[in-house]
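Following: one structure in structure tokens, then a few remarks.
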Amino acid sequence: MSAKRIVIIGGPSTGKTTLIDKLEKKGYTCLEEISRQVTREAQEQGIAQLFLTQPLLFSQKLLEKRITQFRYADGVKDEYVFYDRGLPDVLAYMDYAGQQYPENFIKACKDYTYNKVFVLPPWKEIHTTDGERYESFEQATAIQEHLLKTYNEYGYTPIEVPRAPVSDRMQFILKNMD
């Protein structure tokens with residue numbers, strides 16, 4: 001029996017990575033957000049923001065890496081595996097950008113499903129930008145709407161995690177696992 005797959009979603013700068021890091025420090029198996037990795041790889045090749053210049057290529061790379069992450073859980077003996085974003089995030093971002101995507105993107109979201117989805121709401125007080133995260137708070141809020149719409153379209157009912165200190169957020173998730 002494979003681990004239950006738990007996805008933590010939310011717009012940019014909602015505290016997902018901080019929460020994932022906290023879960024990992026508590027001994028849970030956690031898989032990091034990979035869009036920063038794809039962005040950094042492109043920057044090393046001289047492309048400042050691959051998603052902005054070649055959204056389909058960026059998204060295809062993300063989709064492939066997220067499928068690899070998904071399959072990784074098949075070999076995990078833990079009860080849960082936590083993901084910093086899931087496959088439907090790719091489609092939500094493409095929809096946000098008004099971009100078309102091939103049928104294999106949709107098929108991947110139907111073929112690789114998660115057991116539970118938690119969503120972190122936009123939080124202006126913690127919102128920041130950096131070399132890989134360029135979205136304004138208003139853009140992050142719009143992305144959040146696309147994330148919720150997309151996950152709902154694929155049959156998920158994301159559970160909203162309250163704005164609170166990271167330890168409280170972690171406890172909320174752990175209490176709402178089943």
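The values are calculated or read from the model by the stated rules, or taken from the named source; none is laboratory data. In this text, all values refer to a predicted model and were calculated from it rather than measured experimentally. FYI the Cβ positions are ideal-geometry reconstructions off the backbone, even for glycines, and counts take in every protein chain you see.
Annotations for the structure displayed:
- Hits in the stretch 98-118 (condition: in contact with a Pro (Cβ under 8 Å, 6 or more places away or on another chain), surrounded by 17 or more Cβ atoms within 10 Å (Cβ to Cβ) and not aromatic (Phe, Trp, Tyr)): Cys109, Val117
- For the stretch 10-29, the set of residues classified as touching an Asp or Glu at 6+ places or on another chain (Cβ under 6 Å) and at pLDDT 95 or above consists of Ile20, Thr29, listed by residue number.
- Restricted to helices (runs of 4 or more DSSP H) entirely inside the stretch 43-162, those with at least 3 residues that are farther than 21 Å from Glu32 by Cα, at pLDDT below 95 and more than 13 Å from the chain's Cα centre (by Cα) are 137-153.
- Of all residues assigned to the stretch 10-33, at least one qualifies as being among the polar types (S, T, N, Q), more than 24 Å from Leu148 (Cα to Cα) and surrounded by 16 or more Cβ atoms within 10 Å (Cβ to Cβ).
- Residue list for the stretch 8-42, filter: assigned to a loop (DSSP other than H, G, I, E, B) and in contact (Cβ under 8 Å) with a residue 12 or more places away in the chain: Gly10, Gly11, Pro12, Ser13, Thr14, Gly15, Lys26, Tyr28, Glu32, Glu33, Ile34
- Residues (of a type outside the set (A, V, I, L, M, F, W, C) and farther than 26 Å from Lys149 by Cα) located in the stretch 34-48: Arg40, Glu41, Gln43, Glu44, Gln45, Gly46
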